[in-house]
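**Q** Structure in structure tokens, see below.
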Amino acid sequence: MKERILLRKSLFLLLVFMFMGVQFGFSKKYTIKFATLAPEGSTWMKVMDELNSAVQEATNGEVVFKIYPGSIQGDEKDVLRKIRLGQLHSAGFTGVALGEILPEARILDSPMLFKTHEEVDHITSLLYEDFSRRFEEEGYVLLGWTEVGFVYVFGNDPILSMEDLKGTKMWMWEGDPVAEATFNALGVSPIPLSITDVLTSLQTNLIEAVYASPLACVTLQWYTRVKYMMDYPLADAAGAVLVSKKMFDKIPVEYQTILRDMGREYMKKLVDLSRQDNAESIELMKKNGIKVVEIPEQNLSKFVNAGVNAQQEMVGKLYSQELLDKVKAALAEFRKNSNSPE
């Protein structure tokens, strides 16, 4: 008799818990392991923390980012390898890593392509859906474009002409085909190094000049070892936040939509704030003795022509002639309609 009573009670409790599970749902947490080179306390991290909080609130705590800042998971190639192995799921990448996944994405890093932030925004918006589809074909979901920003040359001597540039010991990010094509077109024989070796190489005079966004130059402390900044940007360095499609597909569809929408919203906020940071970094460097030098008008056309040659050199290697023509035609139309300089 007692065994029957205990059995009935057990069945009753089981039914109650089953009912509660149906009524309230047993939550399953989806943890997205995210890595970034950005250090703790940076604008990048602040925006990612905001995105993380917003996503958790919108998904009742079921989707959460576990964030690894400050390169603790290694450089971009290390992070990419770990995502492919399933040890990580997501990252904020620069164009170098994006090109490892989708070479066509390097069109956004092409030298002398963009003149203003408005042009960058126009083209990234134009390409968003197409590139989103292409990234998914390669196993990644695009959550939003970011950017490193306009990239300038910093050195120990003023660079006013291509001849000045050829005569300096210039660093190049090791393994970057866009930088290689750009310096080939400029007639420069750069010294390839990883980013982590640049500061030491400046200190030992192995290199005399670097290229970077103003914010990166400050954050990486390179500005403490140079004296001049060339005022004309070589390129606008792109970036993006990607999530492994394998991980993304495990998340319920309604939460996938939230991730896509919020990702794009917060990455747009990050772009705007990064541009402010870059502008403030230039002022900080000026206060610390960096001199901004203007390229004479008669010398500028050589830099621009070299950029065009580099763009063409990458056709068939990174992107198609059709894509390059599409982007340049869209830029020409945008400049015409906005009365911006050709």
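**Q** To the nearest 0.05, how large is the calculated FRET efficiency for residue 64 and residue 333 if R₀ is 51 Å and r is the Cβ-Cβ distance?
**A** Working: r = 43 Å, r/R0 = 0.84.
With a Förster radius of 51 Å, E is 0.75.
**Q** On to the next question. Mean Kyte-Doolittle of at least 1.0 plus a Cα span of 30 Å or more along the axis: flag which DSSP H helices in the chain meet both, please. Display every interim value, and only then the final one.
**A** Working: long enough: 2-24 (32 Å, 1.12); 253-287 (50 Å, -0.84).
In the chain, the long hydrophobic H runs are 2-24.
**Q** In nm, to one decimal, how far is the modelled label at residue 116 from the one at residue 174, with both set 7 Å along Cα→Cβ?
**A** Reported label-point gap for residue 116 and residue 174 is 4.1 nm.
**Q** Quick one: if the Förster radius is 30 Å, what FRET efficiency do residue 57 and residue 322 give, using the C-beta to C-beta distance and rounding to 0.05? Before the final figure, lay out the partial values.
**A** On the way: r = 43 Å, r/R0 = 1.43.
For R0 = 30 Å, the calculated efficiency reads 0.10.
**Q** Still on this model: Averaged per residue, what accessible surface does the chain expose to a 1.4 Å probe, in Å²?
**A** Accessible surface, normalised per residue, equals 50 Å².
**Q** Under the Kirkwood approximation for Rh and a Cα-based Rg, what ratio Rg/Rh is obtained for the chain?
**A** Details: Rg = 24.3 Å, Rh = 22.0 Å.
Expressed as Rg/Rh, it is 1.10.
**Q** Let me ask something else. Between residue 245 and residue 280, how many nm apart are label points set 7 Å from Cα along the C-beta direction?
**A** That separation, rounded to one decimal, is 3.9 nm.
**Q** Right, next: How many percent of the accessible area of segment 127-198 is carbon or sulfur, using a 1.4 Å probe?
**A** Values: 1330 of 2760 Å².
Solvent-exposed carbon and sulfur of segment 127-198 make up 48 percent of the total.
**Q** Another question, then. Excluding residues fewer than 8 places away in the same chain, name every one of the lysines whose C-alpha is closer than 22 Å to that of residue 245.
**A** Qualifying lysines at Cα under 22 Å: 28, 29, 33, 66, 77, 82, 268.
**Q** Give me the extension gain from residue 40 to residue 156: residue separation times 0.36 nm, minus the current Cα-Cα distance, reported in nm with one decimal. Intermediate results must be reported in sequence, preceding the final value.
**A** On the way: separation 116, 0.36 × 116 = 41.76 nm, distance 3.01 nm.
Length gained, residue 40 through residue 156: 38.8 nm.
**Q** Let me ask you something else. For segment 216-256 and segment 66-102, what is the centre-to-centre distance using only Cα atoms, to the nearest Å?
**A** 11
**Q** Suppose we take every Cα in segment 211-342 and form the convex hull; what volume per residue is that in Å³?
**A** Working: hull volume 24.8 nm³, N = 132.
Cα convex hull per residue, to the nearest whole number: 188 Å³.
**Q** For segment 179-335, what relative contact order do you get, as a whole percent, if you take Cα pairs closer than 8 Å and at least 6 residues apart?
**A** Details: 73 pairs, mean separation 61.7, N = 157.
Here the relative contact order equals 39 percent.
**Q** Mind giving me the FRET efficiency for residue 84 and residue 224? R0 is 30 Å, r the Cβ-Cβ distance, nearest 0.05 is fine.
**A** Working: r = 36 Å, r/R0 = 1.21.
Computed FRET efficiency for residue 84 and residue 224 comes out at 0.25.
**Q** Between residue 269 and residue 300, what length comes free when the chain is fully extended (0.36 nm per residue of separation minus the Cα-Cα distance, one decimal in nm)? Mind showing how you got there, number by number?
**A** Numbers: separation 31, 0.36 × 31 = 11.16 nm, distance 3.29 nm.
That pair, residue 269 and residue 300, stretches by 7.9 nm at full extension.
**Q** Helix-only mean residue ellipticity at 222 nm, the chain, DSSP H runs n ≥ 4 weighted -39,500 (n - 2.57), per residue, nearest 500. What is it?
**A** Helix-only estimate at 222 nm: -16500 deg cm²/dmol.
**Q** For segment 130-249, what ratio Rg/Rh do Cα atoms give with a Kirkwood hydrodynamic radius?
**A** Working: Rg = 16.7 Å, Rh = 15.7 Å.
A ratio of 1.06.
**Q** Over 31 Å between Cα atoms: which of 269/328; 166/287; 291/317 fall into that group?
**A** Working: 269/328 26 Å; 166/287 28 Å; 291/317 37 Å.
Over 31 Å Cα-Cα: 291/317.
The values are calculated or read from the model by the stated rules, or taken from the named source; none is laboratory data. What you are looking at is a predicted structure, and each value in this text was computed from that prediction instead of being measured. With ideal geometry, Cβ positions are generated from the backbone for all residues, glycine too; neighbour counts draw on all protein chains shown. Side chains are part of the model used for accessible areas, which takes the heavy atoms of the whole protein and leaves out ligands, DNA and RNA. Shrake-Rupley method; radii C 1.70, N 1.55, O 1.52, S 1.80 Å.
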